[in-house]
Amino acid sequence: MSKPFKRILLTGAAGGLGRQLREPIKAFADIVRLSDLADVGPAGEGEEVVLCDLADRDAVMALCEGVDAILHFGGVSTEQPFAPIMQANILGVANLYEAVHKQGVKRVIFASSNHTMGLYKTTDLVDASMPLRPDGYYGVSKVFGESLSRYYWDRFGIETVCIRIGSCFPEPANPRMMITYLSLDDLVELLRCSLVAPRVGHTITFGVSNNSAKWYDDRHSRHLGYVAKDSSAKFAHKFPDSGSYAPADDITITYQGGGFLLTGPQYK
Ligand code: NAI
Ligand code: 15L
């Protein structure tokens, strides 16, 4: 059966998610170009490897040549001092979109984060039309990526789906992740929907499984056609008290960003 794309690019291929996505995303393209700052090992069948620092403008320009769509997972993925975040997530994303435009890439799927909205309360239900409330430099850098991709859609017609991923790990590691959990299978399905939906324009969606408790309302991205199959419910035995997750005198519980509240700029 023919695949939807000839060549797609996965950045962040050496990372936690990149390593797990490497195999399933082969279903989306004849060739998957794998990229990272770090070694990703040798190219397998249907793969090619182009190592690259996202902060290197010329290298990113070459990286995007001949690519139909990009899954952008590369970058700093936790709260850090501003300098490394600026290099990878701000300069890196600016370089990427400049290359996307010049090389004629049609669509980008941007791994954004729940930390763009981390200063909403855990009693709030947030949607994509609500004001951004990042919870630190990392969240602000993802806001930059969302905003830059909006510009490239409005100005140049380059489509982007920004996925505000919750917590995509094999299992929830704490009660908060019972709410933010996204299974790998659901992430792959969300990527498939984001790649093949006929028209996405600039879409912001929340990357979560069908968990019992919810902080996110996805009414603005139903056109993607994503239906989560998994739920954190199967891990409920690990966190018997997570049903009573509620604000307390603890900012990591009061706000959706959880532990990131303790590592933001004010704690440096
Ligand atoms: P990770 O930290 O394991 O992987 C990120 C990869 O990006 C690493 O392999 C790293 O070497 C690479 N990278 C960092 N700076 C780079 C640069 N300047 N140039 C090229 N590559 C660079 O993170 P993970 O968990 O795999 O997440 C992937 C993406 O998804 C990240 O953008 C992260 O912000 C986002 N995300 C992940 C979530 C999760 O639950 N795992 C939740 C929300 C967002
Ligand atoms: C993120 O954005 C991070 O990349 C990931 O490592 C987790 O911390 C996740 O958010 C989360 O909020 O659980």
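If a residue has to be over 13 Å from I90 (Cα atoms), part of a helix (DSSP H, G or I) and charged (D, E, K, R) to count, how many in the range 53-68 make the cut? Walk me through it before giving the result.
We begin by selecting, within the range 53-68, every residue over 13 Å from I90 (Cα atoms); these are 58-68.
Applying the additional criterion that residues be part of a helix (DSSP H, G or I) yields 58-63.
Now drop any that are not charged (D, E, K, R), which leaves 58.
Adding up the residues that qualify gives 1.
So which residues in the range 42-71 are in contact with a strand residue (DSSP E or B) (Cβ under 8 Å, 6 or more places away or on another chain) and either within 16 Å of E23 (Cα to Cα) or open to solvent by 40 Å² or more (accessible area, probe 1.4 Å) (or both), if there are any at all? Can you show your working first?
So the first thing to find is which residues in the range 42-71 are in contact with a strand residue (DSSP E or B) (Cβ under 8 Å, 6 or more places away or on another chain), and the list is 42-43, 46-52, 54, 63-64, 66-71.
Selection gives P42, A43, G46, E47, E48, V49, V50, L51, G66, D68, I70, L71.
Of the residues in the range 127-161, how many are assigned to a helix (DSSP H, G or I) and more than 13 Å from ligand 1 (Cβ to nearest atom)?
Step one: list which residues in the range 127-161 are assigned to a helix (DSSP H, G or I), which gives 137-156.
Checking which are more than 13 Å from ligand 1 (Cβ to nearest atom) leaves us with 147-156.
Number satisfying all stated conditions: 10.
Among the candidates D135, D127, which residue alone is in contact with a His (Cβ under 9 Å, 6 or more places away or on another chain), closer than 30 Å to S212 by Cβ and more than 16 Å from ligand 2 (Cβ to nearest atom)?
Values: D135 fails: more than 16 Å from ligand 2 (Cβ to nearest atom).
Going through D135, D127 in turn, just one is in contact with a His (Cβ under 9 Å, 6 or more places away or on another chain), closer than 30 Å to S212 by Cβ and more than 16 Å from ligand 2 (Cβ to nearest atom): D127.
For T116, all conditions in the list (1) buried (at least 24 other Cβ atoms within 10 Å of the Cβ); (2) on the phi > 0 side of the Ramachandran plot hold save one; what is the number of the exception?
Unmet condition: (2).
Note down all Cβ pairs under 9 Å where the first residue falls in the range 1-24 and is part of a loop (DSSP other than H, G, I, E, B), the second is of a type in the set (V, I, T) and surrounded by fewer than 20 Cβ atoms within 10 Å (Cβ to Cβ), and they're at least six residues apart or on different chains.
Qualifying pairs under 9 Å: P4/V196; A13/V49.
Considering only the range 79-113, how many residues are in a loop (DSSP other than H, G, I, E, B), within 23 Å of A38 (Cβ to Cβ) and open to solvent by 60 Å² or more (accessible area, probe 1.4 Å)?
Number of matching residues: 2.
Scan the range 128-145 for residues that are closer than 20 Å to G201 by Cα and open to solvent by 10 Å² or more (accessible area, probe 1.4 Å) and jot them down.
A128, S129, M130, P131, L132, K142, V143, F144
Looking only at the range 153-170, which residues are open to solvent by 30 Å² or more (accessible area, probe 1.4 Å) and touching a residue at least 40 places away in the same chain (Cβ under 8 Å)?
Within the range 153-170, the subset open to solvent by 30 Å² or more (accessible area, probe 1.4 Å) is 153-157, 169-170.
Matches in the range 153-170: W153, D154, F156, F169.
Select, from F239, F206, the only residue that is of a type in the set (F, W, Y), within 18 Å of the chain's Cα centre (by Cα) and within 16 Å of ligand 2 (Cβ to nearest atom). Outline the logic, then answer.
Numbers: F239 fails: within 18 Å of the chain's Cα centre (by Cα).
The conditions single out F206.
Go through the range 39-56 and report how many residues are in contact (Cβ under 8 Å) with a residue 12 or more places away in the chain, away from ligand 2 (no atom under 16 Å from the Cβ), aliphatic (A, V, I, L, M) and under 16 Å from A14 (Cα atoms).
Let us first name the residues in the range 39-56 that are in contact (Cβ under 8 Å) with a residue 12 or more places away in the chain, namely 39-40, 46-56.
In the following step, the residues that additionally are away from ligand 2 (no atom under 16 Å from the Cβ) were identified as 39-40, 46-53, 55-56.
Narrowing further to those that are aliphatic (A, V, I, L, M): 40, 49-51, 55.
Checking which are under 16 Å from A14 (Cα atoms) leaves us with 40, 49-51.
Residues meeting the conditions: 4.
Filter the range 182-200 down to the residues that are open to solvent by 10 Å² or more (accessible area, probe 1.4 Å) and not aliphatic (A, V, I, L, M), then identify the one that is nearest to ligand 1 (Cβ to nearest atom).
Per the stated criteria, the residue is D185.
Restricting the search to the range 57-101, which residues are more than 16 Å from ligand 2 (Cβ to nearest atom) and on the phi > 0 side of the Ramachandran plot?
The answer is G66, and nothing else.
Filter the range 174-185 for residues that are assigned to a helix (DSSP H, G or I) and within 15 Å of ligand 2 (Cβ to nearest atom); which is nearest to A233 (Cα to Cα)?
Within the range 174-185, the first condition is being assigned to a helix (DSSP H, G or I), and the residues that meet it are 175-180, 184-185.
Remaining after also requiring within 15 Å of ligand 2 (Cβ to nearest atom): 175-180, 184.
Numbers: P175: 11, R176: 13, M177: 11, M178: 8, I179: 10, T180: 12, L184: 15 Å.
Residue satisfying both the conditions and the ranking: M178.
The values are calculated or read from the model by the stated rules, or taken from the named source; none is laboratory data. Model, not experiment: these values are computed from the prediction. When we count neighbours, we look across all protein chains shown, and the Cβ atoms used for this are built from the backbone with ideal geometry, even at glycine. Each accessible area value is taken on the protein alone, full model and side chains, heavy atoms only, with ligands, DNA and RNA left out. Shrake-Rupley method; radii C 1.70, N 1.55, O 1.52, S 1.80 Å.
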